[in-house]
Structure formats: C-alpha cells, structure tokens
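The values are calculated or read from the model by the stated rules, or taken from the named source; none is laboratory data. Just so you know, these numbers come straight off a predicted model, no measurement behind them. As a convention, Cβ positions derive from the backbone with ideal geometry for all residues, glycine included, and neighbour counts pool all protein chains shown.
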C-alpha cells in the first residue's frame, strides 16, 4: 500500500502517460480541425469522462458534492482561460518547422510553475527542489535542440525565434493553469483531495467547453460542426485528456505543483524509450547527457520530502 504522501508519484506518472496519448491524438486532429478545433476536442469530449470520474469518486468514497466558493470559482476561471491559451499555443508550436526547439522552450513551464506557486500559493521552494528543476530543465533542453552538433548554441541563440516565443508563452499558460488548479482544489477546504480534484476537473472542463465552444460558434461555426462530425476520432483524445487532467489535479491536490510538473517531465523519457525500442534511433552524446540530467532531476524531486 502506497502511503498518502507518496501517492502523487504514481498518479503523476500515469498523467504523463495519458498526456502522451492525448498529444498524439490532438496533433493528428489539428490538420482536420485547425488549432482551435483540436483544442476544443480536448475539453468537449473530455467533459463526459470527467463527469463519470466525479460520479465514481463520489460513490466509491461516499463523498458529498461540496458547495463552490468565490476563491474556487476565481481560480477555475483564471486557470481555464490560461489552459485554453496554452493548449492552442502548444498546438501552434507543433505546426511550426522548429517544433523540437519550440517544445523544449514550452518545458520552461516547470520553472514558471515554481515561481507562480511561490507567489500565489506560498508553496515553498527548497534548495533541493530548485536543484531538481534546474537539472530537469537543462536536461529537457539538451534533448530537443535543432542542431545536434551545437545544442547549447542553438538554444541560446534561439530565444528570440518565433517557435521559442510561442513555446515560452505556452509554458507560461500551463504554469498559471497548474498553479490555479491546485489553488482551486485547496480552496475547497475540508474536502477530501480526490473529491476536490474531481470537482475542479469538471468545473474546468465545463467552463472551457462553454468559453471556447461559444467563441467558435460566434466566430466560425463551421469549426464546431467539423469537431462534431469527427466525434469518433475525437473520443480517444477526450478520454486521454480527461484521464491526464484527473491525474494532474489529484496529484496537485496532494503535492505542490512544482514537484508534480517536474516529475511530469518523465514523459520525455517515455518518448525516447519508444523511439529507441521501435525505431532503433541512435542517441547522441548531448541527448545522453540530457537524459542523465533529466533522470537526476526526477530522482531528486521524488526524494525531496
């Protein structure tokens, strides 16, 4: 039996796995639905699964549905808007030629989460946490440069490129959203963390569906029509999105968002493991260094208690 204080670790790893599946599904849908249409899929088709999860948590845990309060609603609003913007920016980065570099800069989210968590929630930043974040961030950036022969030069010189700026902006949005969702769960004082996380998930998915769906209906209803027509392909993206979000919210209801989002970088290692296993891709020296730094950061953050 895993102790409650360690439960966030397997939950976060599960979230990273589900997010890998969701990103792949959304990327496949982007050419068909466009950036905003693929973003809507995540929320619209994830909502039924989120509601099912809330019902399951309430029944299994015999929990009562908590009454929302003003801080909870405020955090949900801010986080939902930030996540919509971040998702759209990330999908735009995926469509760029400099995809790898833009995605690497999006992972600066980890640093931004730590800063936002300290400012808005008072989550402590210990020296051990900072070391884990530094190792992990540098490791990720070494894994995704464009010029494999000069990775550091590419990253340093690329800060002002369009892909880099989009990636950093995406990381900012996801950072605000992560901290905000933790703030929403904590605002439901006296509510067990599984129920607080499930309520946060449903409220966020419902609001995001209304905001983005309503905006698209007013501006370009054909996009919404295409999203509805592609329901078969979209269901998997919705399921994976809701699963990932349920895991993220639950983990962040237990542990500071900076720890959760740092461990979430294990997603990068999953991608490399698949590439090596199925495509026999060779790993360069800089990539190997990046992997070692990333793994060091993940080990440090899981032991930083």
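Among the residues of segment 172-196, those that are within 15 Å of the chain's Cα centre (by Cα) and closer than 9 Å to residue 249 by Cβ comprise 181, 182. Take the conditions (1) assigned to a helix (DSSP H, G or I); (2) modelled with pLDDT of 90 or more; (3) surrounded by fewer than 20 Cβ atoms within 10 Å (Cβ to Cβ); residue 153 misses just one of them, which is (2). Give the number of residues within segment 18-30 that are at pLDDT below 85 and more than 17 Å from the chain's Cα centre (by Cα). Within segment 18-30, residues that are at pLDDT below 85 and more than 17 Å from the chain's Cα centre (by Cα) number 2.
In the set 38, 58, 18, only one residue is in contact (Cβ under 8 Å) with a residue 12 or more places away in the chain and buried (at least 22 other Cβ atoms within 10 Å of the Cβ); that residue is 38.
Of all residues in segment 115-146, those that are part of a loop (DSSP other than H, G, I, E, B), at pLDDT 90 or above and surrounded by fewer than 17 Cβ atoms within 10 Å (Cβ to Cβ) total 1. Answer with yes or no whether residue 283 is closer than 21 Å to residue 117 by Cβ and either at pLDDT below 85 or over 15 Å from the mean Cα position of the chain (by Cα) (or both). No: the conditions fail for residue 283.
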